[in-house]
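The values are calculated or read from the model by the stated rules, or taken from the named source; none is laboratory data. Please read these numbers as outputs of a predicted model, since none were measured by experiment. Cβ atoms come from the backbone with ideal geometry, glycine included; neighbour counts cover every protein chain shown.
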């Protein structure tokens, strides 16, 4: 029908869309039931690559926490705006660039290999791929918000209001990022632990 959205456009009321999702459906958590989080690091197939991948996720969360924390401190007790601009630029640039590179590697290499190894969870990797597209748009918006905040910090007037707007943007992005990272871990790590000898 003419009123149907194109296939490549997300449907806003899709319960599995990143903005709507509260977790993966049970059908995609079957391996997580066999390999719960509290057993991951002690499993014989938990190797350096899996540890490194989870550490990357932890690094993204720490960058988010750091950006949010220092922006909230600036809102409460404004300090040197130029020094703040330098730190925000460094942290936001690292977050955006590293996330984009991480997602490209996952989409081009890891997800196809893992989906082929565990075909019953292929839909889960499609969801994670869709998340990456949604997060890419959010990263562009975050970059624009960061640039606006940096301009306000350097120009001086309006930096407090800009900090509030930036903190609100960070909070919205953090919610989406944490949902994606958590669901990705719940899907990917059990697949690796289950299939590691054959990957």
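Could you tell me whether residue 29 is under 30 Å from residue 147 (Cα atoms) and in contact with a helix residue (DSSP H, G or I) (Cβ under 8 Å, 6 or more places away or on another chain)? Spelling it out, it is not the case that residue 29 is under 30 Å from residue 147 (Cα atoms) and in contact with a helix residue (DSSP H, G or I) (Cβ under 8 Å, 6 or more places away or on another chain). In this structure, residue 157 does not qualify as more than 17 Å from the chain's Cα centre (by Cα), modelled with pLDDT under 95 and assigned to a helix (DSSP H, G or I).
Within the stretch 52-74, the set of residues being within 14 Å of residue 102 (Cα to Cα), without any contact (Cβ under 8 Å) to a residue 40 or more places away in the chain and within 15 Å of the chain's Cα centre (by Cα) comprises 55, 58, 59.
The residue of the stretch 153-163 that is farthest from residue 69 (Cα to Cα), among those that are touching a helix residue (DSSP H, G or I) at 6+ places or on another chain (Cβ under 9 Å) and exposed (fewer than 15 other Cβ atoms within 10 Å of the Cβ), is 155.
Taking helices (runs of 4 or more DSSP H) as the structural unit, no element lying wholly within the stretch 44-134 holds at least 3 residues that are farther than 20 Å from residue 154 by Cβ, at pLDDT 95 or above and touching a strand residue (DSSP E or B) at 6+ places or on another chain (Cβ under 8 Å). Taking first residues from the stretch 81-99 that are more than 15 Å from residue 177 (Cα to Cα) and partners that are outside any helix (DSSP H, G or I), the Cβ contacts under 7 Å between residues at least 6 apart in sequence or on separate chains come to 81/156. When 25, 5, 36, 15 are checked against the criterion of being modelled with pLDDT of 95 or more, within 21 Å of residue 133 (Cα to Cα) and surrounded by fewer than 15 Cβ atoms within 10 Å (Cβ to Cβ), a single residue qualifies: 25. Can you go through 150, 170 and tell me which one is crowded, with 20+ Cβ neighbours inside 10 Å, part of a helix (DSSP H, G or I) and within 17 Å of the chain's Cα centre (by Cα)? 170 is the lone residue from the list that is crowded, with 20+ Cβ neighbours inside 10 Å, part of a helix (DSSP H, G or I) and within 17 Å of the chain's Cα centre (by Cα).
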